[in-house]
Amino acid sequence: ATTRTPLMAGNWKMNLDHQQAISTVQKLSWSLKDAKHDYTAVEVAVLPPFTDLRSVQTLVDGDKLELVYGAQDISKHESGAYTGEVSGAMLAKLGCTYVAIGHSERREHHDESDALVNEKVRVAFAHGLTPILCVGEGLEVRKAGDQVSHTLAQVEAALADVSAEQVANVVIAYEPVWAIGTGEVATPEDAQEVCGAIRGVLGKLYDQTVADGVRVLYGGSVKSGNVAQIMAQPDVDGALVGGASLDPEEFAKIARYQ
Ligand code: PEP
């Protein structure tokens, strides 16, 4: 038996400017306060666009909020002539706890390869950031029944040259691409099949103690109405929530799924 603290992480994608970010985080923290949310029992994080992070940092620090935050991407480079990129050092200085890496939208629209995802994971660790490593199969792979082998290959590639000590800190989000933003939710059994297999491969690549400590999230059209069933699965330790995280009352409900 292990004691993995569930994590509910809201991926805002390219939504909410810095002013909307402030009111959204305020409403989220009020909703959680009303519900007497215990952040040590279920961690709550938001992943706003880069341009919102400074405002979120100021609010979280100023109001001593217990929720945490992170970025949606990171540069593989340290600094210098990389126009448009944002470095790990910059994210760390903004108080980020997490950084999403290899989200399917970045793999699809920005040609992110497993090798690049691996570089970004290593850069995140080098700056003390916790990667939320996103993996998962598309519809064709699912139809062919190859979701487990496909997803495990992504996990293995992303963790190349990552030490057991570092992996103990990683969060892995299993997000079947066909379920992202589509309203199509994987069944709890589908989520468990792949999340369990991810834990299994971590046991093989590292050891069982490490595998038992890693949080594996499910992502794909999670809402307050379906989160409880998904969270009831033994290898699902939280959710990466896109659309529903833009509504603070709804996201607060998701965070208290019990
Ligand atoms: C996501 O973008 O990580 C996601 C799971 O989106 P949605 O909840 O909108 O399907």
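Computed with the Debye formula from one identical point scatterer per Cα of the chain, without solvent, the log10 of I(q)/I(0) at q = 0.07, 0.12, 0.15 Å⁻¹ comes to -0.21, -0.65, -1.05.
Length gained on full extension, Q258 to E156: 33.5 nm, using 0.36 nm per residue less the C-alpha separation. With a Förster radius of 25 Å applied to the beta-carbon distance between K64 and A126, the computed FRET efficiency rounds to 0.30.
Karplus-derived 3J(HN,Hα) values for the stretch 160-165, using 6.51 cos²θ - 1.76 cosθ + 1.60 with θ = phi - 60°, are 4, 6, 9, 6, 4, 4 Hz; glycine and proline are entered as x. Assuming charge only on the beta carbon of Lys and Arg (+1) and of Asp and Glu (-1), the dipole of the stretch 34-164 about its Cα centre is about 180 debye to the nearest 20.
Of the peptides 16-27, 147-158, the order by per-residue mean of other Cβ atoms within 10 Å, starting with the highest, comes out as 147-158, 16-27. Filter the chymotrypsin sites (Phe, Trp or Tyr not before Pro) in the stretch 1-41 to those in DSSP coil with at most 13 other Cβ atoms within 10 Å of their Cβ, and list the result. Passing sites in the stretch 1-41 do not exist. Pairs of C-alpha atoms in the stretch 95-170 farther apart than 17 Å represent 44 percent of all such pairs. Per-residue Karplus couplings for the stretch 249-258, computed as 6.51 cos²θ - 1.76 cosθ + 1.60 with θ equal to phi - 60°, are listed in order as 5, 5, 5, 5, 5, 4, 5, 10, 6, 5 Hz, Gly and Pro entered as x. Taking the simple approach of a point 7 Å from Cα along Cα-to-Cβ for both H77 and D212, what is their distance in nm? Reported label-point gap for H77 and D212 is 4.4 nm.
Sorted fewest first by neighbouring Cβ atoms within 10 angstrom, K120, K13, K93 come out as K93, K13, K120.
Between E140 and H18, full extension at 0.36 nm per residue minus the direct alpha carbon distance yields a gain of 40.2 nm. Take 218-225, 189-196 and order them by the average number of nearby Cβ atoms within 10 Å per residue, most first; the result is 218-225, 189-196. Pick out, in residue order, every one of the trypsin sites (Lys or Arg not before Pro) in the stretch 145-219 that is DSSP loop and has at most 14 other C-beta atoms within 10 Å; say none if there are none. Counting only loop positions with at most 14 other Cβ atoms within 10 Å, none of the trypsin sites (Lys or Arg not before Pro) in the stretch 145-219 qualifies. Placing one equal scatterer on every Cα of the stretch 88-239 and applying the Debye formula, the log10 ratio I(q)/I(0) at q = 0.14 Å⁻¹ is -0.64.
Readers should treat all values here as calculations from the given coordinates under stated rules, not as data from a laboratory. Here the structure is a predicted model, which means the values were calculated and not measured. No Cβ is skipped: glycine too gets one built from the backbone with ideal geometry, and neighbour counts run over all protein chains shown.
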